[in-house]
Amino acid sequence: MLGKLLKHEYKATARTYLALYAGMLAVAIFTRIMYFGGTQFSFFAVGSIAGLTMTALGVGAIAVATIILTTQRFKRNLLGDEGYLMFTLPVTTDGLLLSKLIVAVSWFVAGIVMALVALSVAIPAAADTIISELEGFVIQFTQDGATGWSISGMILLHLGILALIAAFVLSIYAAHALAMRATRFRGLASFGIWLLIWVVAQVAGAIGLRALEALMMDARYAMENGMIHMRDFQTSLAVFLFCVVGSTVLYLVTRVMLKKNLNLE
């Protein structure tokens, strides 16, 4: 059943996201044309600057649009009138919640990839930088000096990014789920709860990193003894675990509210 929910969710959201990505790519292509024109004709100089600005704004707009669409989709399908139908389907609360989460995280990742593609198309220097970073990433896995610590740390770093995106999405879900207890101004209540969640996360993260620094060896000692990769691994592991724990807590809070305290608008 989860597969059917995912298929429906992707189908319902793909048209909107693909239209956004196509628009951003079109702006990037226009910027590239203006950029090369600006190197040869002064007439295009203003167009080049405007195009670069439009590309930057387009990338930001994609991020904002993704957040808004993720929020609206969750509220409308599970907390609004459509919730009466969704919760009568022969599927568990976990299935409904996981389908929303997986699709939302997928579109966030796709948005990041498309933003990098758009920047690469619009700005030649950005493309060179991105290619260099990718080459460096490959080298870390293939060079003779690569260690198990460095490779594991790199893998955990990217898994941590996915866990962070999931935690961000779940913070939105949890905030709106908790706001169901409010009888009025649910939108304002959900925003206040979301801010509180991230304040708590920032404080917990700061305390956790300080505790990690106290437990880990001194950086100079690590470098002098060829163990800097082990230190990087420990840092990546700590960030990954923090994001996983945070995501788990937010998921359970949302699940309990949807299952035990559902109050549709």
Per-region count, the range 1-51, residues modelled with pLDDT of 60 or more, buried (at least 16 other Cβ atoms within 10 Å of the Cβ) and of a type outside the set (Phe, Trp, Tyr): 12
Neighbours by Cβ (under 8 Å, 6+ apart or cross-chain): first from the range 69-84, touching a residue at least 24 places away in the same chain (Cβ under 8 Å); second surrounded by fewer than 16 Cβ atoms within 10 Å (Cβ to Cβ) and of a type in the set (S, T, N, Q): Leu69/Thr16
Matching residues, the range 174-185, being surrounded by fewer than 18 Cβ atoms within 10 Å (Cβ to Cβ) and closer than 18 Å to Leu258 by Cβ: Arg181, Ala182
The one condition in (1) assigned to a helix (DSSP H, G or I); (2) farther than 19 Å from Phe242 by Cβ; (3) modelled with pLDDT of 65 or more that Thr183 fails to fulfil: (1)
Filter result for Leu116 (farther than 18 Å from Thr254 by Cα and modelled with pLDDT of 80 or more): yes
Unmet criterion (only one of (1) modelled with pLDDT under 80; (2) assigned to a helix (DSSP H, G or I)) for Leu170: (1)
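The values are calculated or read from the model by the stated rules, or taken from the named source; none is laboratory data. What you see is a predicted model; the values in this text were computed from it and never measured. Neighbour counts are summed over all protein chains in view; Cβ atoms, including those assigned to glycine, are modelled from backbone coordinates with ideal geometry.
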